[in-house]
1. Given contacts defined as C-alpha pairs under 8 Å and at least six residues apart, what's the relative contact order of the chain, whole-number percent?
2. How big is the charge dipole of the chain about its Cα centre, in debye rounded to the nearest 20, if each Lys and Arg gets +1 on its Cβ and each Asp and Glu gets -1 on its Cβ?
3. Please turn the phi angles of region 137-146 into ³J(HN,Hα) values with the Karplus equation 6.51 cos²θ - 1.76 cosθ + 1.60 (θ = phi - 60°), one per residue in order, whole Hz, x for glycine and proline.
4. Please compute the length gained on full extension between Ser165 and Arg2, using 0.36 nm multiplied by the number of residues separating them and subtracting their Cα-Cα distance.
5. Consider just the alpha-carbon atoms of region 148-198 and return their Rg together with their Dmax, both in angstrom.
6. Please give the net charge around Phe65, taking every other residue with its beta carbon less than 11 angstrom from that of Phe65, where Lys and Arg add +1 and Asp and Glu add -1.
7. With a cap of 16 neighbouring Cβ atoms within 10 Å, and only residues DSSP puts in a loop, list the trypsin sites (Lys or Arg not before Pro) found in region 1-82.
8. For the chain, the longest stretch holding no GluC sites (Glu not before Pro) located in a DSSP loop with at most 15 other Cβ atoms within 10 Å is which?
Amino acid sequence: MRYAIFSDVHGNLDALEAVLDAIRGESVDCCACLGDVVGYGPQPRECLAAVRRHCTSIVAGNHDFAVADKLSDATFNALAREATAWTRKALPESDIAYLASLPLVGSVDGGGLVHGTPYAPELFDYVQTSYDAHLAMSRMDSAVCFIGHSHIPVNFVQAEIISYSLDPEVLVPREGRLIVNVGSVGQPRDRDPRACFVIYDSSEGRVSRKRVSYDIERVATKIREAGLPEALGARLRLGR
Ligand code: ZN
């Protein structure tokens with residue numbers, strides 16, 4: 001099976017449409033989304049509809065749960081809190097209820113899906129160091145797990161030791177574990193402003209990262225016109 005897996009759309013419909021266009025050229029069997037469909041961006045409702053239309057698996061992100069009042073936004077920075085309040089008002093009750101109903105974990109053929117870490121998905125902790133990856137791998141019941149949350153695309157590979165790589169292509173190890181952060185569609189933070197997603201070929205055990213450009217200025221204008229903080233548009237240009 002061939003899967004397209006993406007995360008952290010964050011209400012950025014232009015980036016999501018560019019990714020969905022690119023996916024159409026990849027002849028995939030299914031799509032999966034690792035959460036944070038909403039929050040920060042100006043089109044949460046449209047993004048949620050498109051993700052629900054295209055993805056067979058969707059797991060909850062911390063922003064999804066914060067908008068649905070299922071998670072406190074007390075740890076969010078001021079920009080994220082403002083965007084959370086804006087998004088809550090922008091969504092109909094039915095969308096809020098749907099976000100609240102999202103599961104914390106999912107799976108594709110031979111792979112786990114979670115927003116933060118498989119170690120304790122409900123905590124929405126980050127996997128950023130080898131130690132974080134070690135904890136996460138101790139709770140994995142499959143060879144590969146796909147995560148989002150940090151918006152930084154990176155691979156953690158367990159062989160003799162756990163190492164990380166930024167390689168755009170990585171193989172699922174025959175023994176050991178692999179954690180792939182699929183990066184972010186709608187708000188990349190690795191200083192590459194292009195939208196990010198991965199293709200997972202489960203029969204080959206191969207994961208390939210893809211980047212696609214989209215019209216960032218269009219989104220920045222929508223952010224301004226929606227009354228969201230302009231800084232949210234500025235960071236898209238920088239990819240951080
Ligand atoms: Zn996010």
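Read-outs throughout are calculated quantities, based only on the coordinates presented, and are distinct from any laboratory measurement. It should be emphasised that the depicted structure is a prediction, and the values quoted were computed from it without experimental measurement. Positions of Cβ are generated from backbone atoms using ideal geometry, with glycine treated the same way; all protein chains shown enter the neighbour counts.
1. Dividing the mean separation by the residue count of the chain yields 23 percent.
2. My answer is approximately 380 debye.
3. So the J values, rounded to whole Hz, are 5, 5, 10, 7, 10, 9, 6, 10, 9, 9.
4. Here the segment from Ser165 to Arg2 would lengthen by 56.4 nm.
5. Both quantities, over Cα of region 148-198: 11.7, 35 Å.
6. Around Phe65, the surrounding residues sum to -4.
7. Filter output for region 1-82: Lys70.
8. 27-159
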